[in-house]
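Below is one structure, written out as structure tokens; the observations come after it.
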Amino acid sequence: MRIGPPGALAVAMMAGAFVLSSANAVVPAATTPAATALTVPRIDFRDRKLANGLTVISVESHASPTASVQVWYHVGGSDDPPGRSGFAHLFEHMMFKGTTYLKAEQFDRMTEDVGGANNASTGNDVTTYEEVIPSNHLETLLWAEAERLQHLKVDEANFQSERAVVEEEYRQRILASPYGRFFNAVASAPYLKHPYRRPTIGSIADLDAATLADVTAFHSTYYRPDNATLIVAGDFDPKQLDAWVDKYFGPIAKPSTPLPSRTATEPPWTSDRTITVTAPRVPLPAVAVVWLAPPVTSRDAPALEVASAVLSSGDSSRLNQSLVYRQQIATQAGFSADLRAGPGLLIATAIAAGGKPIAELRAALLAQVQGLVDRPATPAELDKVKNQLITEAFASRQTPLGLGSAIADSAVLEGDPNRVNTDLEALQRVTAADIQRVLRRYVTNAHSVILDYKQETAPQ
């Protein structure tokens, strides 16, 4: 199961994503006319709220006889209790254990055995569960999601077994991976006080310190209908869907206790900082430069996303062309606009080529980021990355899963499902001047955190 919500931190998957290339440099602006803006097909969806507070969003599509069921719980790593990092991630796993009427791992049987699939993910702000099935199995999956919402077995046996699974996942992803410690730190360590400072995957020490009472309290606090959004996309009859949702989810009681409010903030960064991360087996040194970014709902979000693509999307991107191909100072380089429900991060990363000093690598990385201010994006660059972003979104929305995820992103993370019909248009309106403006605001005129990743020294 994945860590990170759909569309979450691209840099966490950077290792292996960029290779040495002899691709041609970006075509000069004078040779390429500006592309005509694409018409974004509108997604017609329905949304309603049940009496118990559950938000239900549905989008009908009969392109294939399949349907997607997703439940997004408004709880993520940032909601983990102090000293108990990894609880949201732990529950991602526990939700696949038994309920009153479901055996452990039965979701696999109800999806995979009929030609479908299921998955789940934990992000900073949400935990998501998703299934894709032939549409004649839709009622069964709606019943199953309602069942594990209200009748999950939160007992000692399930707690112990899934805690062991999550801890082993930490060992594999963070401790065993050559750059696991680095990327885990990049996404969390720069924060001064915000709960995003706690890595979503958790820590073995915090999980070992947890008790069943801690886990039970977390479950009763966050796994409730008024803290969830149900998204159904694909082949269904709307009236029949409403009847099934009312039948299986309607009777679930809304707790009398209020939901915790998310009031955490991140203080302004008033100085530059440097963090050194070490590990026992570092193939090549790496560096990250991180700046504080606005929430995903910011008007500056589209320009930051396009800026990220100009810098790091594909072999012809500025970072790859300069650091990997021409200077040969890096084996990989990337830039990510990691925008969240709360304050996000802008992250520039690079892994050194053999023998290259980390200070030289850092200077070259910063020069290219600043270069997007000094040398504005060309029409050819803007056309390329906008076409990439729009094409990826269009391709994803051809499936019930991608269609539902697009609406869920807008509804849950951005707070408005209607943004699914406006965000792509906003991307297309981004200009080179917009990119310069946002980079001046959030990079040139802002403080940063440098993370150097090195081989740990042997004890004397």
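The values are calculated or read from the model by the stated rules, or taken from the named source; none is laboratory data. Keep in mind the model is a prediction, meaning the values are calculated, not measured. Neighbour counts are summed over all protein chains in view; Cβ atoms, including those assigned to glycine, are modelled from backbone coordinates with ideal geometry. To get the accessible areas, we keep the full protein, side chains included, count just its heavy atoms, and leave off ligands, DNA and RNA. Shrake-Rupley method; radii C 1.70, N 1.55, O 1.52, S 1.80 Å.
Within segment 138-234, the trypsin sites (Lys or Arg not before Pro) that combine a DSSP coil assignment with at most 14 other C-beta atoms in a 10 angstrom radius are 193. Annotation: segment 151-264 has a Kirkwood hydrodynamic radius of 17.7 angstrom, from the mean reciprocal C-alpha pair distance. Under the convention that each Lys and Arg Cβ holds +1 and each Asp and Glu Cβ holds -1, the size of the dipole of segment 67-223 around its Cα centre is about 540 debye.
In the distance distribution for the chain, Cα-Cα pairs more than 44 Å apart total 14 percent.
Please go through the residue pairs 49/247; 97/239; 153/254 and name each one whose alpha carbons sit more than 25 Å apart in this structure.
Those over the limit are 97/239.
Counting only aspartates and glutamates at least 8 places from residue 454 when in the same chain, those with an alpha carbon closer than 17 Å to its own are 360. The distance separating the Cα centre of segment 176-226 from that of segment 80-96 comes to 7 Å. Any idea what angle helix 138-150 forms with the longest principal axis of the chain, computed on alpha-carbon atoms, 0 to 90 degrees, nearest 10? Result, in degrees: 90. Remark: segment 345-415 carries a charge dipole of roughly 160 debye about the Cα centre, counting +1 on each Lys and Arg Cβ and -1 on each Asp and Glu Cβ. Take the Cα of residue 226, go 7 Å toward its beta carbon, and the backbone nitrogen atoms of segment 42-62 under 17 Å from that spot belong to 49-56. Element breakdown for segment 184-226 at a 1.4 angstrom probe: carbon and sulfur atoms account for 58% of the accessible area.
Counting only GluC sites (Glu not before Pro) that DSSP places in a loop and that have at most 15 other Cβ atoms within 10 Å, the longest clean stretch of the chain runs over 106-455. Element breakdown for segment 409-460 at a 1.4 angstrom probe: carbon and sulfur atoms account for 48% of the accessible area. Residues 452, 226, ordered by accessible area of protein heavy atoms at a 1.4 angstrom probe radius and largest first, appear as 226, 452. Set Lys and Arg Cβ to +1 and Asp and Glu Cβ to -1, take the dipole of segment 232-274 about its Cα centre, and tell me which of 264, 232, 249 lies farthest positive. Of the options given, the answer is 264.
Converting phi to 3J(HN,Hα) with the Karplus coefficients 6.51, -1.76 and 1.60 and the offset θ = phi - 60°, segment 166-174 yields 5, 5, 5, 4, 4, 4, 6, 7, 9 Hz in sequence order, with x at every glycine or proline. The length gained by stretching the chain between residue 433 and residue 265 to full extension, at 0.36 nm per residue less their Cα-Cα distance, is 57.5 nm. Listed by chain and number, the aspartates and glutamates whose C-alpha is less than 17 Å from the C-alpha of residue 193, apart from same-chain residues fewer than 8 away, are 79, 80, 125, 266, 272. Projecting the Cα positions of 52, 207, 341 onto the charge dipole of the chain (unit charges on Cβ atoms of Lys, Arg, Asp and Glu, taken about the Cα centre) puts 341 furthest along the positive direction. When only alpha carbons are used to place a centre, segment 273-326 and segment 327-363 end up 5 Å from one another. Residue-wise HN-Hα couplings along segment 376-392, as the Karplus relation 6.51 cos²θ - 1.76 cosθ + 1.60 with θ = phi - 60° gives them from phi, are x, 4, 7, x, 5, 5, 5, 4, 4, 6, 5, 4, 4, 5, 5, 5, 4 Hz; Gly and Pro carry x. One equal scatterer on each Cα of segment 249-321, no solvent, Debye formula: the resulting log10 I(q)/I(0) at q = 0.16 Å⁻¹ is -0.95.
Ignoring ligands, DNA and RNA, what percent of the accessible area of segment 230-332 is carbon or sulfur (1.4 Å)?
For segment 230-332, the apolar C and S fraction of the accessible surface comes to 52 percent.
For the chain, the relative contact order works out to 24 percent when only alpha carbon pairs closer than 8 Å and six or more residues apart are counted. Partners of residue 384 within straight-line reach, counting lysines whose Cα lies under 19 Å from its Cα and excluding those fewer than 8 residues away in the same chain: none found.
Given +1 on the Cβ of Lys and Arg, -1 on the Cβ of Asp and Glu, and no further charges, what dipole in debye does the chain carry about its Cα centre, rounded to the nearest 20?
Magnitude of the dipole: close to 1260 debye.
At a probe radius of 1.4 angstrom, the accessible area of segment 130-264 per residue rounds to 42 square angstrom.
For residue 236, nonlocal amide neighbours, meaning residues 5 or more places apart or on other chains whose placed amide H falls under 5 Å from its own, are 61.
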